[in-house]
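Inspection log for the structure reproduced underneath, given as structure tokens.
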Amino acid sequence: MSWSEHHAVSERYAIDAEATRRDGDAERAEELYKKAAHSEALALDSLTDDKARTRGITAVSVVALWYKGREYAVAERSAHQYLAAGKIPPFAESQLRDLLSSIWTARAAQKAGIKFVPGDVLVSVKGGEVIHGGAPLELIVRKVEGIQSVLYRTVEWMLARPFRRRGGPPSDIQTMFRPWLFQAPAGSYQFAVRMQEPAQRALWEEARPQIGAVTTTFFKVLRASASNPDEELNVVVPDREYRSAFANLARNLSPSGETFNRLEVRDASSPAEPIVTFAAETRTELNAVIRKLRPSLSEANSDQQVTLRGVLRGVHLDKDWLDVATDEAGFDPHITVLEISEVLDDVIGPMVNKRVVVTAVRRANKYFYRDIELQE
Amino acid sequence: MSSSFIVVSFTRNPALMPKQINLDGMHERHHALTPHIAGGYREAAAVCLNRHHSPPVEITLVDNGQDSLAELAWIEPDARIAAAWANDIDATEAGAYGCVIAGVELARGLFAIRRAETGTGADYYIGPQHSGHDLESCLRLEVSGLSGGTSKDVSRRLIEKIRQALEGDSNLPALAGVIGFSARMLLIQDVEEKA
């Protein structure tokens, strides 16, 4: 049989496997993927060396199919074999190395009894200081916290809980989530956030939203925040307070382009395409929306809008002030900014002791809060 | 007495009719699509389009920056089909595959001839119909779709898609296609090969 014939058989098995997986029969889907891999390997064997491009694509396909069939040992062995033979073009070598990274991660997860399921959220941070499988720890910790904050807010909003201005999420909601960090594929740093079923289901059963519904809503909120915060976010989140919270939390996730360039959010069970992409322009659009959403300040003739850059040294939400240590000329080293009642704990919390940009109104030597964002 | 009849037939001038993006019977023209997959793509596209429009609609088709208009028709989905494609993300992805593959067929005369697996999904390879004895001269197709959003968002997604294709450590020639279901816009762009 020719490459074309073997490949056609493999295609059919792979298409059936995908449909079966979508229908929820993971075990049967894995069997079909293994059959597809077997046929694809035969297709590869039937190729002559001069078909370099076809060899490369087919070799990647073979390893990907064994990987999808959760036959990790065979997938790993095949990838090493094709790399060692040296008969495939550089693009395929690179893709095989990426696949090996995914295979090792999956094997490690399998050993630890962890299995990705629909609803797991994959977050990739790319560009800037982020390198192959590595990123500044502080950046990743902040983004993990940021994603978790959006998830908590999503559940609180879905459960119609009173809007939370101070403190962390209620403990009952906190027990629903457990973040996991995984090794990055090449070119980015990636982590996965998983929602975990609460240990005491009985206490929850009545009120708890389904995990699938939470992540679907989470994706919708993030996508509206990133792609069309001015219009779509209005439709998805009609409540003004929650809308403002989501816009602020989404801005915390957005890059300014210095430390990193892009943050992508994917459904771990279907990671081919990001559901949401935060780029530097997302931050600009969110800034405009946040400006519209914030309450107006009574104006005085002597008002002067100022931008303070420095380190956020202290916050007292109950006493309504924050302190910025700034080294900018023309300002005192420590500036107290008043009337911060609009600020939310989960928005400003991750900014403490970090460089921030505060927008304020100066009136008679006092500073009144308008906005704060991280200086990434 | 005999009577005579004058028959007047009103037909549309084909030269003035917009081109049509054909979602019907795609498996008969595209070797890489099985009847099941093609049917799924057609249903998903109908669900996505029906969220914003009534059939038929005129779509702005932009191929490498050249604008033209094309008509896109679909059968309004019944409750069963709508329920089957209730997941917004799955529907948008499948609907985008259907519309972009049909759009590339119309704009370039190319067909989805093969499909190959990757770690995160599958790539379609496009080429002239009945080609596909190997993948030496095929283009890889990168597909994306937006349910909502404006034409600006669709253009932004295309740039993003091209950036992803270039980042992918693959120097294979590729074609990127993005459909905006609300924006009624389909963008197709060659992805330049890396040196």
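Does A:ARG208 satisfy the criteria of being surrounded by fewer than 22 Cβ atoms within 10 Å (Cβ to Cβ), modelled with pLDDT under 85 and among the charged types (D, E, K, R)? Before the answer, list the steps.
Values: surrounded by fewer than 22 Cβ atoms within 10 Å (Cβ to Cβ): yes; modelled with pLDDT under 85: yes; among the charged types (D, E, K, R): yes.
Taking the combined requirement at face value, the residue satisfies it.
Take A:ASP98 and tell me if it is within 11 Å of chain B (Cβ to nearest Cβ), in a loop (DSSP other than H, G, I, E, B) and of a type outside the set (Lys, Arg).
When the stated conditions are applied, A:ASP98 does not pass them.
Would you mention how many residues in the range B:32-56 are in contact (Cβ under 8 Å) with a residue 24 or more places away in the chain, in contact with a Phe, Trp or Tyr (Cβ under 9 Å, 6 or more places away or on another chain) and not charged (D, E, K, R)?
So in the range B:32-56, the residues in contact (Cβ under 8 Å) with a residue 24 or more places away in the chain come out as B:32-33, B:38, B:40-53.
Filter again for in contact with a Phe, Trp or Tyr (Cβ under 9 Å, 6 or more places away or on another chain), leaving B:32-33, B:40-53.
Still in the list and also not charged (D, E, K, R): B:32-33, B:40-41, B:44-50, B:52-53.
The qualifying residues number 13.
Based on what the data block shows, is A:GLY24 more than 9 Å from chain B (Cβ to nearest Cβ) and either farther than 17 Å from B:THR120 by Cβ or touching a residue at least 12 places away in the same chain (Cβ under 8 Å) (or both)? Spell out how you get there, then give the answer.
Details: more than 9 Å from chain B (Cβ to nearest Cβ): yes; either farther than 17 Å from B:THR120 by Cβ or touching a residue at least 12 places away in the same chain (Cβ under 8 Å) (or both): yes.
Yes: the conditions hold for A:GLY24.
Within the group A:ARG309, A:ARG291, which residue is more than 10 Å from every other protein chain (Cβ to nearest Cβ), of a type in the set (D, E, K, R), farther than 16 Å from A:VAL121 by Cβ and touching a Lys or Arg at 6+ places or on another chain (Cβ under 8 Å)? Break it down stepwise before answering.
Values: A:ARG291 fails: touching a Lys or Arg at 6+ places or on another chain (Cβ under 8 Å).
Of the residues listed, the single one that is more than 10 Å from every other protein chain (Cβ to nearest Cβ), of a type in the set (D, E, K, R), farther than 16 Å from A:VAL121 by Cβ and touching a Lys or Arg at 6+ places or on another chain (Cβ under 8 Å) is A:ARG309.
Suppose the filter is over 14 Å from the mean Cα position of the chain (by Cα) and within 14 Å of chain A (Cβ to nearest Cβ); does B:ALA94 pass it? Talk me through it step by step, then tell me what you get.
Numbers: over 14 Å from the mean Cα position of the chain (by Cα): no; within 14 Å of chain A (Cβ to nearest Cβ): yes.
So B:ALA94 fails the test.
Within the range A:317-376, which strands (runs of 3 or more DSSP E) (wholly inside it) include 2 or more residues that are among the hydroxyl-bearing types (Ser, Thr, Tyr) and in contact (Cβ under 8 Å) with a residue 40 or more places away in the chain? Walk me through how you get there before you give the answer.
Working: elements: A:321-325, A:334-338, A:355-363, A:366-374.
Counting at least 2 such residues, we get A:366-374.
Of the residues in the range A:41-56, how many are of a type outside the set (Gly, Ala, Ser) and closer than 11 Å to A:SER2 by Cα? Working first, answer last.
First pass over the range A:41-56, keeping only residues of a type outside the set (Gly, Ala, Ser): A:42, A:44-45, A:47-51, A:53-55.
Imposing the further condition that a residue be closer than 11 Å to A:SER2 by Cα reduces the set to A:42, A:44-45, A:47-48.
Residues in the range A:41-56 being of a type outside the set (Gly, Ala, Ser) and closer than 11 Å to A:SER2 by Cα: 5 in total.
Go through the range B:54-173 and tell me which strands (runs of 3 or more DSSP E), entirely inside it, have 3 or more residues that are within 26 Å of A:PRO90 (Cβ to Cβ).
Result: B:111-118, B:121-127, B:139-146.
Give the residue that is modelled with the highest pLDDT, with candidates limited to residues of the range A:211-235 that are hydroxyl-bearing (Ser, Thr, Tyr) and more than 20 Å from A:ARG262 (Cβ to Cβ).
If we filter the range A:211-235 for residues that are hydroxyl-bearing (Ser, Thr, Tyr), which is where we start, we get A:215-217, A:225, A:227.
Next, only the ones that are more than 20 Å from A:ARG262 (Cβ to Cβ) stay: A:215-217.
On the way: A:THR215: 83, A:THR216: 83, A:THR217: 89.
Across the range A:211-235, the extreme among qualifying residues is A:THR217.
Conditions: (1) within 12 Å of another protein chain (Cβ to nearest Cβ); (2) within 26 Å of B:VAL47 (Cα to Cα). B:ALA116 meets all but one. Number of the miss?
Here B:ALA116 meets the rest and fails (2).
The values are calculated or read from the model by the stated rules, or taken from the named source; none is laboratory data. Given the structure is predicted, the values throughout are model-derived calculations rather than measurements. Quick reminder, even Gly has a Cβ in these numbers, built from the backbone with ideal geometry, and neighbours come from all protein chains shown.
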